[in-house]
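In what follows, a single structure is set out as structure tokens and then discussed.
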Amino acid sequence: MDKIRFGMIGGGAISKGHIPAIQANDSTEIICIADANAELARARAEEVGALRSCGSYDELMEMDDVDAVVVGIPTQFHADAVIKAARAGKHALCEKPMARTLQLCRQMIDEHKAAGTTLGMAFVRRYDDNWGQIRKMINEGKAGRPCMWRCIVAGAAPGPPNYGEWYCDGTYSDGPLTESGSHDIDFLRYTFGDVASVTAYMNHMADYGSVLDNAIVILQFESGDQALVQWSWSLPRGAASGFRGLDVIGPKGSIHEPRQEDGQWLIDISKGAGEMETVPFENRRDENTWFPGQLAGFLNAIREGGRPRGSGEDGYKAQEVFAAAVRSMETGCRIDLPLPTA
């Protein structure tokens, strides 16, 4: 197959991860940047050497020399862009979260299946050696099984100058559990398998925005493992939380969040009787990791007809966890998965 020619939908912050990966790959090229802000699209196209720019992704869909698109725009518009890509015969790599309803997620999958095109989800953490090392330690039984992954993150919602205000606007976004925490949810599924049930509490706490910006979620997996995830955007901009962290606890000990010492990445495993094991590892940033690795996996799926490491089904199941979390918040009950289909 000749070079796969890409259009980038969205010229904002996330394009700065995707476009360099496309430029660095010998089998791809960037053809067009589309953004509702036509001036931004033009400037980004000139910056990266794209052939052209446009102010609408509808215009991009009509370009015969674009084989695939990367969708990096506010979540509210993901489904429309991905579905239009399928109908135009173009492959699509969609930023997370997939879409705002399960019905739209399913339609996105079905449209690409019918078109014979590839739909990938940009769950880039699946290509992260940092979290990947924790996953490796879990699979080696360092904490024992079943175990619990614990993650606590608190800060302010993304905003200017690097990000748009839309992240905390309920017109466009569902807040941190999907916009940021979807990485956690997907990676947990990647590690432990399907979620059996969800128990959650969410509310709006910040003095700005309109999303559910404080989320506490307990996931029970079919494997018997568990996760406790707290994501909050409730702090004012410029404030820092007193605590944030990640670890895995189990019957054989705890796997600590990776750390760096004198340039070497290390992961600590705390065992019984005060014993501590420290394992060095390489936290790579190369053609096999992060955005370049994700792109290579997507290209392989296009060429071989396989399933990307982050697939449409994975996007659906991450959104299903959020939908279950909302139901749990509303009912005060544990919600079993899978959810009934409409």
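The values are calculated or read from the model by the stated rules, or taken from the named source; none is laboratory data. The shown structure was predicted, so the numbers you read here are calculated from the model rather than taken from an experiment. Virtual Cβ from ideal backbone geometry, glycine too; neighbours counted across all protein chains shown.
Within the range 44-71, residues that are closer than 21 Å to SER27 by Cβ and touching a residue at least 24 places away in the same chain (Cβ under 8 Å) sit with their Cβ atoms under 6 Å from residues that are among the basic types (Lys, Arg) and not in a strand (DSSP E or B), at 6+ positions apart or across chains, in these pairs: ALA68/LYS90; VAL69/LYS90.
Kindly indicate which of ALA122, ALA24, ALA85 is more than 30 Å from PHE281 (Cβ to Cβ) and of a type in the set (Gly, Ala, Ser). Result of the check over ALA122, ALA24, ALA85: ALA85.
Scanning the range 58-76 for residues that are out of contact with any Lys or Arg (no Cβ under 7 Å at 6 or more places or on another chain) and either buried (at least 17 other Cβ atoms within 10 Å of the Cβ) or not assigned by TED's automatic domain parsing to the domain that holds HIS18 (or both), which turns out farthest from ARG5 (Cα to Cα)? Of everything passing the filter in the range 58-76, PRO74 is farthest from ARG5 (Cα to Cα). When GLY315 is tested against (1) over 30 Å from GLN103 (Cα atoms); (2) outside the structural domain of VAL71 (by TED's automatic domain parsing), exactly one condition is not met: (1).
Quick check, is ASN130 more than 23 Å from LEU337 (Cα to Cα) and without any contact (Cβ under 8 Å) to a residue 60 or more places away in the chain? When the stated conditions are applied, ASN130 does not pass them.
Restricting the range 30-63 to residues that are hydrophobic (A, V, I, L, M, F, W, C) and assigned to a helix (DSSP H, G or I), the residue that is farthest from GLY164 (Cα to Cα) is MET61.
Filtering the range 148-183 to residues that are among the acidic types (Asp, Glu) and either at pLDDT below 95 or farther than 18 Å from ILE335 by Cβ (or both) leaves GLU165, ASP169, GLU179. A residue that is among the small types (Gly, Ala, Ser), within 27 Å of PRO340 (Cα to Cα) and either surrounded by fewer than 16 Cβ atoms within 10 Å (Cβ to Cβ) or assigned by TED's automatic domain parsing to the domain that holds GLY10 (or both) cannot be found anywhere in the range 172-184. Mind checking whether some residue in the range 173-183 is free of Cβ contacts under 8 Å to residues at least 60 places away in the same chain and part of a loop (DSSP other than H, G, I, E, B)? The answer is yes, given that some residue of the range 173-183 is free of Cβ contacts under 8 Å to residues at least 60 places away in the same chain and part of a loop (DSSP other than H, G, I, E, B). Considered as a group, the residues in the range 115-137 that are in contact with a Gly (Cβ under 8 Å, 6 or more places away or on another chain) and part of a helix (DSSP H, G or I) include one that is surrounded by the most Cβ atoms within 10 Å (Cβ to Cβ), and that residue is VAL124.
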